[in-house]
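Structure record follows, encoded as structure tokens.
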Amino acid sequence: MTSLEPLRRRLQTTSRAEHILFVLNGLFTSATIVSAVVVAFIIFEEFAHGSMQIRTAMWWAIVATGITSPLVLMTMPVLRLLGVISSASIEELALRVGRFYDDVGDRLCNALQLETTSAALASSSLRDAAIHAAHTVAAPKDFSVIIDRRPTRRAAIWATFALALALGLPAALPHTFGAAWERIVRYDESFLPPPPYSLQIETSDTSAMRGSSIRIAVTSQGTAPESITMFIREGASGRFAPFEVRRDTSGTYTYQITGLQSDVAVYARGAWLETGVVTDTAMVRVYDRPLLRAMTGRVIPPSYTRLPPQAIDEGNADVAALVGSTVDLTITANKDITSADIVIVQGAEGALDTIRVPMSPRGSVTTGRFTLTSSGTYHVELRDNATSLHATGSTFVSPALSRNST
């Protein structure tokens, strides 16, 4: 009995060859699309000299096209080639072969169906005769005639042309189209010419007391514009407010901030093409001046007097006591104190002598003492990390008990 298995394998081989051509067609078409996009962007960049944002968009458009085109055009052909998705059946392929050969017609398809039909449903002799006749007619035929190679050839030609153009333009004209392609690839770099001027920002202080004023100055070198924009942010608002500042006769842009209430960040920007000229960001820290919240103490007379200690406070800080008396002071400030001194000025006018007695700060409270040796005045100086407070005290007089306030 004649078997159609060799013809069946030939049909399967023909089907695989056709699917390979479909895969190649998708590959060539994808290459054409990507190359065309690259050529279009190269030409656009050569004449437009796009900004970093435009070049970034072009580059990622090329990447997206290179990914999506093969996915769209090649996924289904590859899955059919691998057998993941069903393709045309053997009988359908046999009918396609029959359309090319009149003597084959549908005889091969019928024979293939008869071969798989149970012997009980058809006469054995008639089935064998039909199979033998179909095999005799179809065996010499070329089954590959059912494959249309023209789309793949056209796709290959277009892909070759597009790839040659995409590779040839930058290679043949490196200073024009080659430079344009380099700018697209290096999309996150600026290729603008250097600006004709530079700006440098300066502040009168890097720290300032709350409620005070500060001067912001921007100096320029080169051919600077008549005006620039200063961007100022106070506190944690998150927004920089713009202020236009004109250049003075010395070539400096000056802006004054008054009534500081919180930390300030400021930078300046001058016009230049698409990027501008931008300074560094200057920071001004705002601090609170240390304030005297309370002062307490006592004046301890010498032991031989047997007099009781005398209390003093910030409302009555004058001291009238005998020589040798000890003055104890306790100062409470509004913030932590890093150091403090009792400053004593004594002596006759024209021959004053200043004595500084260190105090012992602990947080916002500081303590200290001094001994009366002659008439004079005293005051307390409190210091934190940023500034100091001059807390004026009172006149002390000795040995007479008269009082002379400063």
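Using the structure shown, decide if W181 is out of contact with any Lys or Arg (no Cβ under 8 Å at 6 or more places or on another chain), of a type in the set (F, W, Y) and over 29 Å from A271 (Cα atoms).
No: the conditions fail for W181.
With respect to S190, is the statement that it is assigned to a loop (DSSP other than H, G, I, E, B), surrounded by fewer than 18 Cβ atoms within 10 Å (Cβ to Cβ), small (G, A, S) and at pLDDT below 95 true?
So S190 passes the test.
For the range 333-386, give me the residue count where each residue is assigned to a strand (DSSP E or B), surrounded by fewer than 16 Cβ atoms within 10 Å (Cβ to Cβ) and among the polar types (S, T, N, Q).
Number satisfying all stated conditions: 5.
Looking at (1) more than 30 Å from P77 (Cβ to Cβ); (2) in contact (Cβ under 8 Å) with a residue 60 or more places away in the chain; (3) of a type in the set (D, E, K, R), which is the one condition that is false for R149?
Of (1) more than 30 Å from P77 (Cβ to Cβ); (2) in contact (Cβ under 8 Å) with a residue 60 or more places away in the chain; (3) of a type in the set (D, E, K, R), only one is false for R149: (1).
Any residue at all in the range 250-257 that is farther than 30 Å from F370 by Cβ, in contact with a Phe, Trp or Tyr (Cβ under 8 Å, 6 or more places away or on another chain) and either touching a residue at least 12 places away in the same chain (Cβ under 8 Å) or in a loop (DSSP other than H, G, I, E, B) (or both)?
yes
I'm checking my understanding of the structure. Among residues of the range 310-325 that are loosely packed, with under 14 Cβ neighbours inside 10 Å and assigned to a strand (DSSP E or B), which one is modelled with the lowest pLDDT?
Restricting to residues being loosely packed, with under 14 Cβ neighbours inside 10 Å and assigned to a strand (DSSP E or B), the top hit is N316.
Look at L169 and say whether it is in contact (Cβ under 8 Å) with a residue 24 or more places away in the chain and out of contact with any helix residue (DSSP H, G or I) (no Cβ under 6 Å at 6 or more places or on another chain).
Judged against the criteria, L169 is not a match.
Is it the case that the range 121-135 has a residue that's touching a helix residue (DSSP H, G or I) at 6+ places or on another chain (Cβ under 7 Å), among the hydroxyl-bearing types (S, T, Y) and modelled with pLDDT under 95?
no
Listed here are the residues, each with its yes/no results for (1) in a loop (DSSP other than H, G, I, E, B); (2) outside the structural domain of V245 (by TED's automatic domain parsing).
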{"residue": "L260", "(1), (2)": "yes, no"}
{"residue": "E274", "(1), (2)": "yes, no"}
{"residue": "D280", "(1), (2)": "yes, no"}
{"residue": "M283", "(1), (2)": "no, no"}
{"residue": "G297", "(1), (2)": "no, yes"}
{"residue": "Y304", "(1), (2)": "no, yes"}
{"residue": "P308", "(1), (2)": "yes, yes"}
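The values are calculated or read from the model by the stated rules, or taken from the named source; none is laboratory data. The shown structure was predicted, so the numbers you read here are calculated from the model rather than taken from an experiment. Neighbour counts run over all protein chains shown; Cβ positions are idealised from the backbone, glycine included.
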